[in-house]
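What follows is a set of notes on a single structure, which appears directly below.
The values are calculated or read from the model by the stated rules, or taken from the named source; none is laboratory data. All values derive from a computational prediction rather than experimental measurement. All Cβ positions, even for glycine, are placed from backbone atoms using ideal geometry, and neighbour counts span all protein chains on display. Remember, those area values only see protein heavy atoms, side chains included, never the ligands or the DNA or RNA. Shrake-Rupley method; radii C 1.70, N 1.55, O 1.52, S 1.80 Å.
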Amino acid sequence: MIRFALLASAAAILALPQALIAQDDDETFGGAKGADLSIDAMEPDGGAVTIGRAGEYPADIARYLLASGPRAANLSPDGKTIAFAWDVTGESELWVMPASGGQPQQVTFKTGVFAPVWTPDGTRLFYSADRDGNEQPGYFAITADGSQESEVLPAARGDFRIFGDFAADGSFIYASTARGAGVFDIYRGTLDGESELIVQSELGLAARSISPDGKYALVTETVGEDADNLYLLDLATKKMTTISKPPVEDRAAHTLGGFEWWPDSRGFFFSTNVGREFGSVAFYDLTKGSFEIIRPSAHDAENLELCGTPETGVLVFWTVNRDGFDTLLGYHVGEQRDIPMPDLPEGKYQLDCEGDGQLMVRVNGWQTPGEIWMTDPVAGTATKVFAANLAGLDPARLVRPKVVRYKARDGVELQGLLYLPEGAGTGADAPPVLFNVHGGPSGQSVASFSAVNQYHVARGLAVFQPNVRGSTGLGRTYSTLDDREKRLDSVRDLVDLKRALAADGLIDGTRAAVMGGSYGGYAVNAVLAEYPGEFAAGVSLFGVADWVTALEIASPSLKAADKIEYGDIAEAKWREFYKVNSPIRKADRITVPVLYSHGVKDPRIDIAETETMVKTLRANGVPAPFIRIPDEGHGWRKLSNQLFYFRKQAEFIEEQLGLSQPE
């Protein structure tokens with residue numbers, strides 16, 4: 001109740017019933033205190049789901065949500081088997097299939113697992129799984145045929161973990177908050193369940209990669225959400241040597257493309273934007289103790305992958321991120337020449353290369369929720385070995401986003417992806433629009449598959465995914481333009497973009513809704529409060545209401561970056577700044593309906609942030625329907641919850657923008 005005391009009378013506060021809290025006493029993680037059950041809310045009821053008939057258009061939203069494909073995928077060390085995560089069963093599970101193509105086999109059951117990693121000998125898959133999105137995972141290993149499974153490191157309360165890499169001997173490095181100080185330290189573990197603290201941190205370290213000879217590990221230190229420092233850790237002496245640590249005011253990233261070691265451990269490839277706007281492929285030489293850029297780029301180089309050997313020829317592959325669309329590139333190191341690459345579907349790519357040197361490419365794009373290709377870049381061939389399940393949708397009806405750019409009122413060039421309905425009119429006949437704001441704040445809207453975007457655009461609603469200042473993928477300087485005191489400049493960008501699109505006749509600016517999750521949920525709260533009358537409705541998923549409380553209790557995964565992005569909330573200067581510049585302080589200016597939602601087990605943003613917005617808007621007479629998800633954390637992982645929530649969201653948006661009549 002303290003969180004909205006400034007907006008409610010003392011009498012009203014005293015009249016509220018005592019809160020009933022729904023949370024296991026042992027699960028008060030990341031600051032979360034549980035749900036206030038005195039607030040009227042909708043929850044998933046397990047009811048029957050309708051999906052309509054295949055071939056009917058506009059298609060039911062369930063079909064878009066049921067469209068699926070592989071997520072994180074990895075080749076076995078011999079290159080013969082692909083392991084991947086897939087949620088076709090309703091929750092994410094591990095699957096395996098031959099790299100040459102064939103029937104996928106499910107390996108795990110009812111676990112909600114994350115990305116699989118092969119053990120060095122190729123006999124087992126290592127994976128992590130948490131409890132309903134609480135982000136405190138246990139580590140497990142299972143044989144590739146699914147017949148034997150073991151717990152490597154049990155989950156522990158307050159132990160957030162970030163897996164790093166395996167050494168050839170089967171040991172591994174990872175970051176963990178197990179010490180209880182709320183920071184990520186570096187640990188070394190074994191598949192037998194042993195674990196040792198090897199580097200103690202002051203804020204946020206992450207283990208990244210181990211050299212082939214097992215002598216060194218690469219470790220990064222978080223510097224805001226878009227940058228990091230890079231260190232070389234001697235695993236025998238536990239001494240860390242600085243590779244790159246730019247001044248904070250000139251912060252840079254070193255993890256844009258991962259790390260790929262030369263086979264004899266003399267150095268490694270990586271992508272960095274140190275001293276430049278965009279990440280470029282670089283090589284660090286351990287003997288020289290320095291790195292040099294070997295492939296400059298005008299767009300961020302990502303997804304580095306090394307193939308081959310010095311005897312057969314070392315090839316380096318990577319992608320470049322052009323406005324959210326990936327392009328695959330290759331380079332023959334020995335011959336110092338580019339390699340022509342085969343054509344692949346548009347979207348975002350993930351790469352892996354093992355064994356005989358064939359390159360695996362997982363594609364997720366605007367026209368596919370996921371497929372896997374095996375390519376031979378030298379021969380110039382590409383074969384699709386796993387096709388997406390489109391749940392009866394016609395891929396020809398899916399809409400390709402258009403890249404647009406406009407100047408903000410202060411001259412900064414903004415960018416975004418615009419989805420327009422087929423046959424959309426212009427001017428007076430332009431369609432209404434849904435702004436879909438990414439999280440982060442350092443995320444990026446990209447040309448990946450979006451069930452929500454495609455559903456709405458098929459029903460005549462334009463969808464715009466803005467990349468306001470502070471987004472990544474558009475240059476190092478651009479990602480810093482919303483830091484600290486400049487936070488609200490990025491909120492203002494939403495208004496400038498909406499007005500520019502309307503002025504171009506592409507959207508009906510009088511019928512615009514704004515939606516976002518996490519930081520995007522904050523952006524919804526903020527733009528509705530700062531610029532009343534600009535948007536007709538809002539949809540805020542697990543967003544921030546009060547930066548003071550949100551920053552005080554943020555989970556360790558966020559605190560490591562927050563001081564750069566937002567300032568140190570322990571300092572009086574920033575507490576005073578956010579006491580004024582938080583959405584809850586101006587919530588009385590929100591006059592349009594807002595749909596709110598939050599997972600009870602969210603370890604990143606306390607559900608109280610949403611609850612206080614709901615209570616305040618309702619007290620002011622503003623419609624604020626609320627969807628509470630008891631068995632989710634920071635987002636909806638389970639298909640059953642997605643089917644319930646997104647149908648409710650679609651109904652709300654269509655009703656508010658006049659696309660359907662309420663029943």
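Some points to look at:
- The single residue among Ser100, Ser150 that is part of a strand (DSSP E or B) and at negative phi turns out to be Ser150.
- Single condition Phe646 does not satisfy, out of (1) out of contact with any Leu (no Cβ under 7 Å at 6 or more places or on another chain); (2) under 25 Å from Phe435 (Cα atoms); (3) open to solvent by 10 Å² or more (accessible area, probe 1.4 Å): (1)
- Selection of region 507-530 for residues being under 14 Å from Val452 (Cβ atoms) and not in a helix (DSSP H, G or I) yields Ala513, Val514, Met515, Gly516, Gly517.
- Among residues of region 244-255 that are of a type in the set (Lys, Arg), those with a Cβ under 9 angstrom from a residue that is open to solvent by 20 Å² or more (accessible area, probe 1.4 Å) and in a loop (DSSP other than H, G, I, E, B), sequence gap 6+ or separate chain, pair up as Arg251/Asp226; Arg251/Arg476.
- Which listed residue is open to solvent by less than 40 Å² (accessible area, probe 1.4 Å), within 23 Å of the chain's Cα centre (by Cα) and more than 23 Å from Leu481 (Cα to Cα), from Ser448, Ser442: Ser448
- Within region 474-505, considering residues that are of a type in the set (A, V, I, L, M) and open to solvent by 30 Å² or more (accessible area, probe 1.4 Å), the one farthest from the chain's Cα centre (by Cα): Ala503
- So Ala167, is it out of contact with any His (no Cβ under 9 Å at 6 or more places or on another chain), closer than 26 Å to Leu235 by Cβ and open to solvent by 30 Å² or more (accessible area, probe 1.4 Å): no
- Verdict on Glu225 being touching a Gly at 6+ places or on another chain (Cβ under 8 Å), part of a loop (DSSP other than H, G, I, E, B) and either under 21 Å from Asp483 (Cβ atoms) or open to solvent by less than 20 Å² (accessible area, probe 1.4 Å) (or both): yes
- Picking from residues in region 189-202 that are part of a loop (DSSP other than H, G, I, E, B) and crowded, with 17+ Cβ neighbours inside 10 Å, the one that is modelled with the highest pLDDT is Leu191.
- Scope region 306-333; condition assigned to a loop (DSSP other than H, G, I, E, B) and over 24 Å from Asp264 (Cβ atoms); matching residues: Asp323, Gly324
- Filtered by the rule that a residue be of a type in the set (Phe, Trp, Tyr), in contact with a Pro (Cβ under 7 Å, 6 or more places away or on another chain) and closer than 28 Å to Lys601 by Cα, region 142-169 gives a lone residue, Phe160.
- Only one of the listed residues (Thr591, Thr616) is in contact (Cβ under 8 Å) with a residue 24 or more places away in the chain, open to solvent by 10 Å² or more (accessible area, probe 1.4 Å) and either part of a helix (DSSP H, G or I) or over 21 Å from Asp132 (Cα atoms) (or both). That residue is Thr591.
- For beta carbons closer than 6 Å, sequence separation of 6+ or different chains, a first residue in region 412-435 that is at positive phi and a second that is in a loop (DSSP other than H, G, I, E, B), the qualifying pairs are Gly427/Gly505.
- Thr111, sole failed condition from (1) farther than 26 Å from Phe184 by Cβ; (2) over 19 Å from the mean Cα position of the chain (by Cα); (3) modelled with pLDDT under 95; (4) open to solvent by less than 40 Å² (accessible area, probe 1.4 Å): (1)
- Residue under evaluation Gly470, criteria (1) in contact with a helix residue (DSSP H, G or I) (Cβ under 8 Å, 6 or more places away or on another chain); (2) open to solvent by 20 Å² or more (accessible area, probe 1.4 Å); (3) in a loop (DSSP other than H, G, I, E, B), criterion not met: (2)
- Only residues that are out of contact with any Lys or Arg (no Cβ under 8 Å at 6 or more places or on another chain) and open to solvent by less than 70 Å² (accessible area, probe 1.4 Å) were counted in region 390-412, giving 10.
- The set of residues from region 558-583 being loosely packed, with under 12 Cβ neighbours inside 10 Å and modelled with pLDDT under 85 comprises just one member, Ala570.
- The lone exception for Ala144 - which of (1) of a type outside the set (Asp, Glu); (2) touching a residue at least 60 places away in the same chain (Cβ under 8 Å); (3) open to solvent by 50 Å² or more (accessible area, probe 1.4 Å); (4) under 22 Å from Lys80 (Cα atoms) it fails: (3)
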